Amino acid sequence: AVDAGSDTTAIALTNVMYYLIKNPQSLIKLKEEVSGAVLENGVAPYAKVKNLPYLKACLEESLRLSPTVPRGLERKTPPEGMYILGERIPGNFTVSVPTYAVHRDPEIFPDPEAFRPERWLEDDEKVKRMRTVFIPFSSGARACIGRNITFMEQQILVATLVHRYEFALPSKDW
């Protein structure tokens with residue numbers, strides 16, 4: 001189904017726009033980055049926005065703070081059971097990694113409640129460590145098959161929107 005991820009993509013787009021509007025310094029920085037990639041009144045061509053680092057960092061930071069599926073996908077342990085982090089888990093037991101909580105581990109994501117896209121552009125070792133637990137699309141064999149499509153759609157739409165329109169919240173405390 002072509003539209004299987006349309007709801008989650010719409011949620012992700014809503015979230016990233018909210019975080020950008022709520023953090024005007026990030027919005028200004030993103031507008032500067034995309035300014036050369038978007039035609040004056042057109043839609044951003046994917047070829048021009050796919051490698052914009054700050055755009056990608058904004059999308060990842062938004063997905064870190066507000067994953068579209070925050071609970072993590074459930075999986076069953078094998079019939080014989082298994083050990084997870086040294087703890088014996090019985091067989092046929094449902095387990096899950098809560099994406100929302102993992103993405104807020106302060107040891108991996110300092111100041112975890114802050115929208116700070118720059119964290120994805122910093123020290124390579126820190127970014128590598130963050131990526132090991134960055135699971136907005138789950139991971140492994142059952143990871144979301146549409147993750148590349150949603151990133152493509154978000155890159156095109158967010159770049160186009162921030163280039164063409166001015167955004168503001170109704171009030172500072174909204």
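The values are calculated or read from the model by the stated rules, or taken from the named source; none is laboratory data. All values derive from a computational prediction rather than experimental measurement. All Cβ positions, glycine included, derive from the backbone under ideal geometry; neighbour counts span all protein chains shown. Protein only, heavy atoms only, side chains kept; ligands, DNA and RNA dropped before computing areas. Shrake-Rupley method; radii C 1.70, N 1.55, O 1.52, S 1.80 Å.
Which value, in Å² rounded to 10, gives the accessible area of Glu125 with a 1.4 Å probe and all protein chains present?
For Glu125, the solvent-accessible surface is approximately 120 Å².
Starting from the residue with the highest accessible area, list Tyr100, Tyr19 in decreasing order, probe 1.4 Å. Mind dumping the intermediate values first?
Details: Tyr100 110, Tyr19 40 Å².
Largest accessible area first, the residues go Tyr100, Tyr19.
State, to one decimal in nm², a quarter of the convex hull surface area for the C-alpha atoms of the stretch 84-174, i.e. the direction-averaged projected area.
Its Cα hull, projected and averaged over all orientations, spans 9.6 nm².
Compute the Rg/Rh shape ratio of the stretch 126-174: radius of gyration over Kirkwood radius, all on alpha-carbon atoms.
1.15
Among the listed pairs Lys126/Lys172; Lys56/Lys126; Lys50/Lys172; Lys22/Lys128; Lys22/Lys56; Lys76/Lys126, which are separated by more than 22 Å between their Cα atoms?
Too far apart for the 22 Å limit: Lys126/Lys172; Lys50/Lys172; Lys22/Lys128; Lys76/Lys126.
Can you work out the accessible area per residue across the chain, with the rest of the protein chains kept in place, probe 1.4 Å, in square angstrom?
On the way: 10580 Å² over 174 residues.
Counting only protein heavy atoms, the per-residue value for the chain is 61 Å².
Once neighbouring chains are kept in place and the probe is 1.4 Å, which whole percent of the accessible area of the stretch 105-174 is contributed by carbon and sulfur? Show your work: numbers first, answer last.
Details: 2580 of 4650 Å².
That share works out to 55 percent.
At 1.002 mPa s and 20 °C, plugging the Kirkwood radius over alpha-carbon pairs of the chain into Stokes-Einstein gives what diffusion coefficient in µm²/s? Before the final figure, lay out the partial values.
Details: Rh = 17.6 Å.
Once the numbers are plugged in, D ends up at 121 µm²/s.
Top to bottom by accessible area (1.4 Å), largest first, where do Arg119, Arg164, Arg104 land?
Highest to lowest solvent-accessible surface, that is Arg164, Arg104, Arg119.
If the only charges are +1 at each Lys and Arg Cβ and -1 at each Asp and Glu Cβ, what is the size of the charge dipole of the chain around the Cα centre, to the nearest 20 debye?
Working: 22 positive and 22 negative charges, 53 e Å.
Roughly 260 debye for the chain.
Once the dipole of the stretch 115-174 is set up with Lys and Arg at +1 and Asp and Glu at -1 on Cβ about the Cα centre, which of Leu169, Ser138, Ile149 lies farthest towards its positive end?
Ser138
Taking the stretch 1-95 on its own, what percent of its Cα-Cα pair distances exceed 20 Å?
Summing the P(r) of the stretch 1-95 above 20 Å gives 57 percent of all pairs.
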